[in-house]
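Below: the structure, in structure tokens.
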Amino acid sequence: MRYRPPGQFLLEHLEQRLTQPGPGCLPLRLERHGRLLTRMHHEVGMAWPEAFGTGDRAEVDAYCAAAGIDHEWLPGDRLRTRQRRAAVVRHPTTGVPGWFNQIASLNGLTMDPAVREYLTDVYGPHGLPFHTMVGDGTDIDGDTVEAVNAVYDRFTVPRRAPSPTTSRCSSRDSPKRICP
């Protein structure tokens with residue numbers, strides 16, 4: 001598995017990426033079934049009070065119910081959430097399909113292998129901080145994650161650092177600077 005360190009931001013040609021054929025026709029499976037994201041909130045990753053902005057379980061329960069997030073409170077003040085969402089959406093004007101998901105980047109197989117192995121040993125196979133699947137619950141195998149990442153690599157343009165003339169501006173900035 002190829003590991004991408006955190007903090008790498010990418011711009012992609014989404015139309016091109018979506019239309020690339022892949023193993024098992026993943027885009028069609030995702031369009032049909034959506035994607036499933038499982039998050040485990042415990043001492044590794046983001047704890048649930050930080051993720052939800054409250055330490056009140058009743059507020060989290062209400063939020064999850066309103067947002068269509070399945071959730072389960074576990075011993076040790078842990079929370080597991082499961083969100084089934086669309087993976088492919090159509091542009092409201094053009095109707096062009098867009099790959100709108102993080103199926104590869106949030107898949108447990110994209111974690112550094114040593115970290116993934118350690119977390120699996122400590123928390124079990126369902127204890128990773130995040131993991132994605134096809135919306136019907138089908139796992140995505142390593143070859144498919146690699147194929148998706150290969151398409152990412154093929155159509156990805158690295159993000160460039162902002163130039164001084166296009167960086168974020170505030171009221172303290174010189175009026176001569178160009179603000180987006």
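Just so you know, all these numbers are worked out from the coordinates, no wet-lab data involved. All of these numbers come straight from a predicted model, not from anything done at the bench. Heads up, the Cβs are rebuilt from the backbone with ideal geometry, glycines too, and the neighbour counts pull from every protein chain shown.
Of note:
- Taking only alpha carbon atoms, region 10-158 gives an Rg to Rh ratio of 1.00, where Rh is the Kirkwood radius.
- Spin-label pair Thr138-Val122: with each label point 7 Å from Cα along the Cα-Cβ axis, the two points sit 3.4 nm from one another.
- With a cut-off of 12 Å between beta carbons, the residues surrounding Leu119 carry a summed charge of -3, where Lys and Arg count +1 and Asp and Glu -1.
- Footprinting exposure proxy for Ile69, Ile103, Ile140 (fewest neighbouring C-beta atoms within 10 Å first): Ile69, Ile103, Ile140
- The ranking of Thr110, Thr81, Thr93 from fewest to most other beta carbons within 10 Å of each one's beta carbon is Thr93, Thr81, Thr110.
- Here Met40, Met133 are placed in order of increasing Cβ neighbour count within 10 Å, fewest first, which gives Met133, Met40.
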